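**Student:** Input: one structure, supplied below.
The numbers here are math on the coordinates, done by the rules we state, and not lab data. Predicted model only: the values in this text are computed from it and were never measured. When we count neighbours, we look across all protein chains shown, and the Cβ atoms used for this are built from the backbone with ideal geometry, even at glycine.
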Amino acid sequence: MAAAARFFVRGARSKLPISGVVPGPRSSFAAALLKLSPGSSSRTQRRHAAHFTFQADPEPTQYGPTTKMNMFQSVTSALDHTLASDPTAVIFGEDVAFGGVFRCTVGLRDKYGKDRVFNTPLCEQGIVGFGIGAAVAGATAIAEIQFADYIYPAFDQIVNEAAKYRYRSGNLFDCGSLTIRAPWGCVGHGSLYHSQSPEAFFAHCPGIKVVIPRSPVQAKGLLLSCIADQNPCIFFEPKILYRAAVEQVPVESYTIPLSQAEVLQEGSDVTLVAWGTQIHVLREVANMAQEKLGVSCELIDLQTILPWDVETVCKHSANNEYLCSSFSLQEQCFLNLEAPISRVCGYDTPFPHIFEPFYIPDKWKCFDAIKKMINY
Amino acid sequence: MCLDEAPATQVVMTRDEGLKYYRVMQTIRRMELKADQLYKQKIIRGFCHLYDGQEACAVGIEAGINLTDHLITAYRAHGYTYTRGGTVKEIMAELTGRRGGIAKGKGGSMHMYTKNFYGGNGIVGAQVPLGAGVALACQYQGNNELSVSLYGDGAANQGQIFETYNMAALWKLPAIFICENNRYGMGTSVERSAASTDYYKRGDYIPGLRVDGMDVLCVREATKFAADHCRSGKGPMLMELQTYRYHGHSMSDPGVSYRTREEIQEVRGKSDPISLLKDRMLSNNMASVEELKEIDVSVRKEIEDAAQFATTDPEPPLEELCNHIFYNDADLEVRGTNPWTTLKSVS
């Protein structure tokens, strides 16, 4: 599913429909602006442009000194802290030993030893099953699935084993110290099997947590939270941001709480909810809406998809009280909305090969959605 | 399980056969090298896994079966697409994502298909149970056809392959399982990923052959032997082809960080499948140097023409994005990127 955007129309006072941007399972975050010109050869050159600009957050001051890092370096930093402070921590997956295909584990094997950072053969079901076992026995197990697209052989292990372990054993056993990391989302040329965003498949599975960061600072803090969290967590890392996202990231260890959505900018008319790369698309959309439509947009980064922060989203979109932990926002906010909640996401097709720029919910499609909602 | 016989070690190759194998291998070789070039020019984008070095496998297997038999492999599929009946033009146009591509430009490098060739699969290992299913269909329909399922040394560690061995042996399916062992699963050597590198023995109760995958005749004879075994109702067979790829895993892998240039050069110098065949034919006076050169020239031209087509053919129309998601009698509406737009899906 591509990053979908859900637009929520605000309460009675607002004149605008709500639209939220919620990454769906097939959302692709990178949308290249496809200019359809008759000459075909020049078109291929334009496809290189990413459809968004990464916008760094201001340097955080509450976690100590910072240094410049990109997203994969911030992941390495989080893993480094974990291996240093937790002697039971182990990292495993395909090709992690030499540093990983996205360089997230560079240097860790040399620093901590080959018994703590090791390769597995090509067997996702085995990797996760093995990870669950290691976690149940007391290790802090950090499993890497090389691409989120490959997670499906492990789906049974995650949903039927990891998620239900604590519940079915009456709290006698749990695999809470398991964290699964996977590169996620579209990247411009990934096609069907290197672009997927499968969080929605896991979003309805009680017992696991699903987390997606939008930036290096978020990635390090959220990953450290996932590792510390006493529940099995899936941490999806937007691969298109690995190099493209650079920020001043705290050097020390720090955590960002799970299940707390972050309001990135306040607004009075439309609430936009998104996660991962799509946050950066929507930042632009919010500016466009302000400039061209005079619409004031609020932007919320959900961060944790499951269990998600119902309270913040509802409060900011509808001034409603927290009612119940249902996934359906409609139930909570219906009466306060002026238009149906709308999702802007990828088409209901497999992630395409050549059609990627047309497929993804780029800023023009999101902007268009806001316009239509206003006139609902 | 033991075999009473083994494939023949003394075989006959006619001049015509030799010339055909030479031409097909050379076509695959030049096609892959051209793809390398086009990729570096950014005319081909996305993923591209090249087959040069492994030509004898595809050509030898096809020589041991019929076009009416069935074959499935993983992503290093350009060679098989060709031996199974695809044209160089269609293959290259699929790489560049044009409407003349063998999958209408919608699949790309990893997803090429043709009659009795089921792809082209991105998730390694997943194609093997599929191949067994095809074998069941052959058995059920009693058409004397068989199914060849290929996978690599990396995928050989996937659980579903062992599930497939069991089903195939239990039901005596006419299935040939072939492990193309090119020594490296991406960047991991077989020693570092497998407890047992005797891939031909992995089938346990399924008889297995280990074959020199650089010699097209070895591959052909082993395949013929396995095919006879399957067609006579004795059940599945396993083959391990020991082969080598010159390129890295894909175009983003230079291929020299986990193996030495010397190793690559040594294989090229001593075991190149095309050179081996060429030397054999020349030393047995089955062809002259000029004749083979003519084939080279003709192959080069074919590749150039195909590359030209692949570069100039237009991309598939945008309407194609939503077609063929489902099978539907009437046009289907596909949810768009927002609630007010839908696209039409025709199938």
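**Student:** For region A:94-184, just say rounded, prolate or oblate: build the C-alpha gyration tensor, square-root its eigenvalues into a ≥ b ≥ c, call rounded for a/c under 1.5, and beyond that prolate if a/b exceeds b/c, oblate if not.
**Tutor:** Oblate, because a/c is 1.5 or more while a/b does not exceed b/c.
**Student:** Compute the FRET efficiency between B:Trp340 and B:Asn284 as 1/(1 + (r/R0)^6), taking r as their Cβ-Cβ distance and R0 = 56 Å, and round to the nearest 0.05. Don't jump to the answer; show the numbers that get you there.
**Tutor:** Details: r = 71 Å, r/R0 = 1.28.
The value I calculate is 0.20.
**Student:** In units of 2.2 N^0.38 Å, what is the alpha-carbon radius of gyration of chain B?
**Tutor:** So chain B has a normalised radius of gyration of 1.02.
**Student:** Moving on. Taking the Cα-to-Cβ direction at B:Arg259 and at A:Lys114 and moving 7 Å from each Cα, how far apart do the two end points lie in nm?
**Tutor:** That separation, rounded to one decimal, is 2.0 nm.
**Student:** May I pose another question? Specify whether the C-alpha gyration tensor of region A:60-131 places it in the rounded, prolate or oblate class, a ≥ b ≥ c being the square roots of the eigenvalues: rounded for a/c under 1.5, otherwise prolate if a/b is larger than b/c and oblate if not. Kindly include the intermediate steps, with their values, before the conclusion.
**Tutor:** On the way: a/c = 2.14, a/b = 1.80, b/c = 1.19.
Verdict is prolate for region A:60-131.
**Student:** Equivalent ellipsoid semi-axes for region B:244-347, as square roots of 5 times the alpha carbon gyration tensor eigenvalues: give them largest first, rounded to whole Å. Walk me through the numbers before you get to the answer.
**Tutor:** Details: eigenvalues 454, 101, 35 Å².
Semi-axes from the Cα gyration tensor: 48, 22, 13 Å.
**Student:** Among A:308-314, A:229-235, A:290-296, how do they line up from the highest to the lowest mean number of other beta-carbon atoms within 10 Å?
**Tutor:** Working: A:308-314: 20.7, A:229-235: 22.6, A:290-296: 14.0.
So the peptides A:308-314, A:229-235, A:290-296, ranked by packing, come out A:229-235, A:308-314, A:290-296.
**Student:** Related question: Are any of the pairs B:Lys20/B:Lys106; A:Lys292/A:Lys372; B:Lys20/B:Lys224; A:Lys111/A:Lys239 more than 20 Å apart by Cα-Cα distance, and if so, which?
**Tutor:** B:Lys20/B:Lys106; A:Lys111/A:Lys239
**Student:** At R0 = 45 Å, how high is the FRET efficiency between A:Ala137 and A:Thr67 if r is their beta carbon distance? Nearest 0.05 is fine.
**Tutor:** The computed FRET efficiency comes out at 0.80.
**Student:** Tell me the volume per residue, in Å³, of the convex hull enclosing the alpha carbons of region B:109-164.
**Tutor:** Enclosed volume per residue, from the Cα hull, is 74 Å³.
**Student:** Shape of region A:119-170 from its Cα gyration tensor (a ≥ b ≥ c, root eigenvalues): rounded if a/c is under 1.5, otherwise prolate when a/b > b/c, or oblate?
**Tutor:** Because a/c hits 1.5 or more and a/b fails to exceed b/c, region A:119-170 counts as oblate.
**Student:** How are the Cα pair distances of region A:92-245 distributed, in percent, across 10 Å bins from 0?
**Tutor:** Using 10 Å bins, I get a P(r) of 11, 42, 37, 9, 0 for region A:92-245.
**Student:** Say the cut-off is 27 Å between C-alpha atoms; which of B:Lys34/B:Lys278; B:Lys104/B:Lys172; A:Lys315/B:Lys344; A:Lys315/A:Lys363; B:Lys278/B:Lys301; B:Lys104/B:Lys301 go over it?
**Tutor:** B:Lys104/B:Lys172; A:Lys315/B:Lys344, as the Cα separations exceed 27 Å there.
**Student:** Got a sec? How would B:Thr164, A:Thr82 order by Cβ neighbour count within 10 Å, fewest to most?
**Tutor:** By the 10 Å Cβ count, ascending: A:Thr82, B:Thr164.
**Student:** Run the reach check for B:Lys40 against aspartates and glutamates, Cα to Cα strictly under 18 Å, same-chain hits fewer than 8 apart removed. What comes back?
**Tutor:** Within the straight-line limit of under 18 Å, B:Lys40 reaches these aspartates and glutamates: B:Glu32, B:Asp52, B:Glu94, B:Asp253, B:Glu304.
**Student:** Separate question: Considering only C-alpha atoms, what is the centroid distance from region B:38-91 to region A:78-111, in Å?
**Tutor:** 37 Å
**Student:** Separate question: Cα atoms only: what Rg and Dmax, in Å, come out for region B:243-286?
**Tutor:** My reading of the Cα-based Rg and Dmax gives 13.5, 42 Å.
**Student:** Given the protein assembly as shown, report the % of alpha carbon pairs whose separation exceeds 46 Å.
**Tutor:** Distances greater than 46 Å cover 25 percent of the Cα pairs.
**Student:** A further question on this structure: Where both residues lie in chain B, what percent of DSSP beta bridges are antiparallel, nearest 5?
**Tutor:** Working: 7 of 28 bridges.
Around 25 percent of the beta bridges assigned by DSSP in chain B are antiparallel ones.
**Student:** From the Cα trace of region B:1-48, what convex hull volume per residue do you get, rounded to a whole Å³?
**Tutor:** 119 Å³
**Student:** Pairwise over distinct Cα atoms, reciprocal of the mean inverse distance: report the Kirkwood radius of region B:141-296 in Å, one decimal place.
**Tutor:** Working: mean 1/r = 0.0576 Å⁻¹.
Radius from the Kirkwood sum: 17.3 Å.
**Student:** Still on this structure, please answer the following. Set the Förster distance to 51 Å, then compute FRET efficiency between B:Ala195 and A:Glu252 from the Cβ-Cβ distance, nearest 0.05. Walk me through the numbers on the way to the answer.
**Tutor:** On the way: r = 41 Å, r/R0 = 0.80.
Working from the Cβ atoms, E equals 0.80.
**Student:** Provide, as a two-decimal number, the C-alpha radius of gyration of region A:262-311 over 2.2 N^0.38 Å, N being how many residues it has.
**Tutor:** On the way: Rg = 11.1 Å, N = 50, 2.2 N^0.38 = 9.7 Å.
Dividing the Cα Rg of region A:262-311 by 2.2 N^0.38 Å gives 1.14.
**Student:** Once the Cα gyration tensor of region B:1-143 is diagonalised, what are the square roots of 5 times its eigenvalues, in whole Å and ordered largest first, as equivalent ellipsoid semi-axes?
**Tutor:** On the way: eigenvalues 151, 84, 36 Å².
Result for region B:1-143: semi-axes of 28, 20, 13 Å.
**Student:** Determine the percent antiparallel among the DSSP beta bridges restricted to region B:130-235, to the nearest 5.
**Tutor:** Bridges in region B:130-235 are about 25 percent antiparallel.
**Student:** Then there is this: At 4 °C and 1.567 mPa s, what whole-number value in µm²/s does Stokes-Einstein give for the translational diffusion of region B:10-93, with Rh from the Kirkwood sum over Cα pairs?
**Tutor:** 95 µm²/s
**Student:** As a test, work out the antiparallel percent of DSSP beta bridges whose residues both lie in the protein assembly as shown, rounded to the nearest 5.
**Tutor:** 35 percent
**Student:** Taking only the Cα atoms of region B:99-210, how large is their convex hull per residue, in Å³? Walk me through the numbers on the way to the answer.
**Tutor:** Numbers: hull volume 12.7 nm³, N = 112.
Dividing the Cα hull volume of region B:99-210 by its residue count gives 113 Å³.
**Student:** Normalise the Debye intensity by I(0) for region B:25-68, one equal point scatterer per Cα, no solvent, then take log10 at q = 0.34 Å⁻¹ and round to two decimals.
**Tutor:** -1.13
**Student:** Which translational diffusion coefficient, to the nearest whole µm²/s, is obtained for region A:159-283 from the Stokes-Einstein equation, given a Kirkwood hydrodynamic radius over C-alpha pairs, 10 °C and 1.306 mPa s?
**Tutor:** The estimated diffusion coefficient comes to 100 µm²/s.
**Student:** Report, largest value first, the span of the C-alpha coordinates of region A:166-225 along each principal axis, in whole Å.
**Tutor:** 46, 27, 15
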